[in-house]
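**Q** This is the structure I want to talk about, given as structure tokens.
The values are calculated or read from the model by the stated rules, or taken from the named source; none is laboratory data. If you're wondering where the values come from, they're calculated on a predicted model, not measured in any experiment. Counting neighbours? That spans all protein chains shown, and the Cβs are built from the backbone with ideal geometry, glycine included. Protein only, heavy atoms only, side chains kept; ligands, DNA and RNA dropped before computing areas. Shrake-Rupley method; radii C 1.70, N 1.55, O 1.52, S 1.80 Å.
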Amino acid sequence: MKTYYDIDFKKELVKEYLDGKSLNNLYQTYGVAKSTIAGWIKKYSEECQYIKPHNKEKNASSEEIRALNKKIKELEKENDFLKKAAA
């Protein structure tokens, strides 16, 4: 049986991990599998780095940074494709 967790709960665990808690410590504290937490870290770590701890709302600059990072990844993929096509 699958257990579903709230996004705020997931992000809170990711923030704790980014603040220095180990996967093992989070597993023991919350009872969530380490592999599950690792997946959340992969998914939410970038977003959680730009959210202020006292304010859970994302500010405009964090959204802009995420958008720019996404655009950089897209441009890198295009660059790689063009390099391969030119060869």
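**Q** From the set of residues in segment 34-55 that are of a type in the set (G, A, S) and surrounded by 12 or more Cβ atoms within 10 Å (Cβ to Cβ), which is modelled with the lowest pLDDT?
**A** Start the filter on segment 34-55 by keeping residues that are of a type in the set (G, A, S), which leaves 35, 38-39, 45.
So of that shortlist, the ones also surrounded by 12 or more Cβ atoms within 10 Å (Cβ to Cβ) come out as 38-39, 45.
Working: A38: 91, G39: 92, S45: 81.
Of everything passing the filter in segment 34-55, S45 is modelled with the lowest pLDDT.
**Q** Also, I was wondering about something else. Could you please tell me which pairs satisfy a Cβ distance under 6 Å, a separation of 6+ or placement on different chains, a first residue in segment 23-47 that is free of Cβ contacts under 8 Å to residues at least 12 places away in the same chain, and a second residue that is of a type in the set (A, V, I, L, M, F, W, C) and part of a helix (DSSP H, G or I)?
**A** These pairs meet every condition: K34/L23.
**Q** Quick one: which of K58, K11, K2 is open to solvent by 100 Å² or more (accessible area, probe 1.4 Å) and either among the charged types (D, E, K, R) or modelled with pLDDT of 85 or more (or both)?
**A** Answer to the selection: K2.
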